[in-house]
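The values are calculated or read from the model by the stated rules, or taken from the named source; none is laboratory data. Remember, it's a predicted structure, so these values are computed and weren't measured experimentally. Every residue, glycine among them, receives a Cβ derived from its backbone with ideal geometry; neighbour counts consider all protein chains shown.
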Amino acid sequence: MKTFSTYNLTPQTRQRNWHVVDAEGEILGRLATRIASILRGKDKPEFTPHVDCGDFVVVINADKIKTTGRKLDKKIYYRHTGHPGGLKETSLRTLLQYKPERAIYYAVKGMLPKNRLGRAQIKKLKVYAGSEHPHEAQQPQPLET
């Protein structure tokens with residue numbers, strides 16, 4: 001009788017790579033799905049759903065991202081101060097004006113699991129508005145989106 005064993009990736013056997021993504025001219029949602037897949041590790045053959053096996057992703061030129069339709073004015077981000085009447089709302093246009101890194105961060109975060117695994121995976125995302133980043137020592141490889 002033949003026995004089969006399932007391969008499970010462990011934190012000791014995983015290998016982490018660094019990728020750099022140029023967001024200039026890219027559509028926000030399509031870029032976010034690709035980044036979320038890499039952060040989870042779904043592009044690797046040894047993907048294990050309950051292990052953080054993804055790679056690090058550095059996104060540059062976040063201020064030059066594009067959207068389709070009327071999302072710049074229709075997409076609203078909500079937050080609450082914790083005080084009565086403290087609901088604050090910000091449109092995507094305003095967010096891209098003042099904190100363009102947050103638009104990509106929020107889009108990717110919404111595509112990750114809502115548990116401690118997702119919180120660990122989002123920490124591997126580094127987003128910068130300009131074309132410079134401080135992660136040259138890690139030798140990130142360019143990623144085709």
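Filter region 45-69 for residues that are among the aromatic types (F, W, Y) and part of a loop (DSSP other than H, G, I, E, B) and give the result. Result: F47, single match. Only one entry in F56, F47 is surrounded by 14 or more Cβ atoms within 10 Å (Cβ to Cβ), at pLDDT 95 or above, farther than 17 Å from Y106 by Cβ and not acidic (D, E), namely F56. Once region 3-21 is narrowed to residues that are modelled with pLDDT of 85 or more and surrounded by fewer than 15 Cβ atoms within 10 Å (Cβ to Cβ), the residue that is nearest to G69 (Cα to Cα) is R16.
Tell me whether region 23-31 contains one or more residues that are more than 14 Å from the chain's Cα centre (by Cα), surrounded by fewer than 18 Cβ atoms within 10 Å (Cβ to Cβ) and assigned to a loop (DSSP other than H, G, I, E, B). Yes, region 23-31 contains a residue that is more than 14 Å from the chain's Cα centre (by Cα), surrounded by fewer than 18 Cβ atoms within 10 Å (Cβ to Cβ) and assigned to a loop (DSSP other than H, G, I, E, B).
In region 98-145, the residue that is farthest from the chain's Cα centre (by Cα) out of those that are part of a loop (DSSP other than H, G, I, E, B) and among the polar types (S, T, N, Q) is Q139. A search for C-beta distances below 7 Å between a residue of region 87-111 that is buried (at least 16 other Cβ atoms within 10 Å of the Cβ) and any residue that is outside any helix (DSSP H, G or I) and among the basic types (K, R), counting only pairs 6+ apart in sequence or on different chains, returns L92/K75. Does at least one position in region 137-144 carry a residue that is out of contact with any Gly (no Cβ under 7 Å at 6 or more places or on another chain), at pLDDT below 95, of a type in the set (D, E) and on the phi < 0 side of the Ramachandran plot? Within region 137-144 (the criterion being out of contact with any Gly (no Cβ under 7 Å at 6 or more places or on another chain), at pLDDT below 95, of a type in the set (D, E) and on the phi < 0 side of the Ramachandran plot), the answer is yes, since at least one residue qualifies.
Of the candidates L72, L95, L39, the single residue that is under 30 Å from N8 (Cβ atoms), not in a strand (DSSP E or B) and not β-branched (V, I, T) is L39.
In region 66-80 there is at least one residue that is surrounded by 15 or more Cβ atoms within 10 Å (Cβ to Cβ) and under 18 Å from the mean Cα position of the chain (by Cα).
Quick one: would you say R34 is part of a loop (DSSP other than H, G, I, E, B), under 26 Å from A137 (Cα atoms) and of a type in the set (K, R)? When the stated conditions are applied, R34 does not pass them.
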